[in-house]
Structures are given as structure tokens and as C-alpha cells.
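The values are calculated or read from the model by the stated rules, or taken from the named source; none is laboratory data. None of the values given here were measured: they were computed from a predicted structure. Positions of Cβ are generated from backbone atoms using ideal geometry, with glycine treated the same way; all protein chains shown enter the neighbour counts. The accessibility values were calculated without ligands, DNA or RNA, using every heavy atom of the protein model including side chains. Shrake-Rupley method; radii C 1.70, N 1.55, O 1.52, S 1.80 Å.
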Amino acid sequence: QPTAKKLQTVNINSADAQTLENSLKGIGPKRAAAIIAYRTQNGPFKSVDDLTKVKGISQKVLNENRSRIALS
């Protein structure tokens, strides 16, 4: 039986744009840049749900990625 590919988590407080793009569904160059700009201005994300405060990140995108997101 095929082995399930291990889901890789990404730390949204430290990952660079390329990593965010490659690791998260629905995150392209613009959204990755927006995530980095947000945390640069506002400091680290305190909860996964804070990601919806970033322009272009909807609740749907957040829900699709929730299991892949780490804060530390």
C-alpha cells in the first residue's frame, strides 16, 4: 500500500517567501510577500487565525492550510 506523504509544516513567523509559496496551498508570490510584510509591520503571528488579517488570505485558504501551519 502506498505510504502517505508526510505533511510538512511551515512556520509562518520565520519562513521566507519561497518556502511559504512552496508549502501552502493557494499561496503565490503576492500572498507570500503580503504575509512577510504583515509580520514585519505587526510582529509575529500569535495564532493561525491571524493569517486572515493579511490582505488576500481568506478563511477558505486558511482552512486548507491549517494543518500545515506552525507558529514556532
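Assorted remarks:
- Scan of region 27-61 for residues that are touching a Lys or Arg at 6+ places or on another chain (Cβ under 8 Å) and among the small types (Gly, Ala, Ser), ordered by number: 34, 56
- Looking across region 41-60, just one residue is closer than 16 Å to residue 72 by Cα, open to solvent by 50 Å² or more (accessible area, probe 1.4 Å) and part of a helix (DSSP H, G or I), and that is 49.
- Residues in region 27-72 that are of a type in the set (S, T, N, Q) and within 17 Å of residue 14 (Cβ to Cβ): 40, 41, 42, 47, 65, 72.
- For beta carbons closer than 6 Å, sequence separation of 6+ or different chains, a first residue in region 43-72 that is over 16 Å from residue 21 (Cα atoms) and modelled with pLDDT of 95 or more and a second that is surrounded by fewer than 17 Cβ atoms within 10 Å (Cβ to Cβ) and of a type in the set (Phe, Trp, Tyr), there are no qualifying pairs.
- Residue check for residue 37: touching a Ser or Thr at 6+ places or on another chain (Cβ under 9 Å) and either modelled with pLDDT of 95 or more or open to solvent by less than 50 Å² (accessible area, probe 1.4 Å) (or both): no
- Exactly one residue out of 15, 34 is outside any loop (DSSP other than H, G, I, E, B) and not polar (S, T, N, Q): that is 34.
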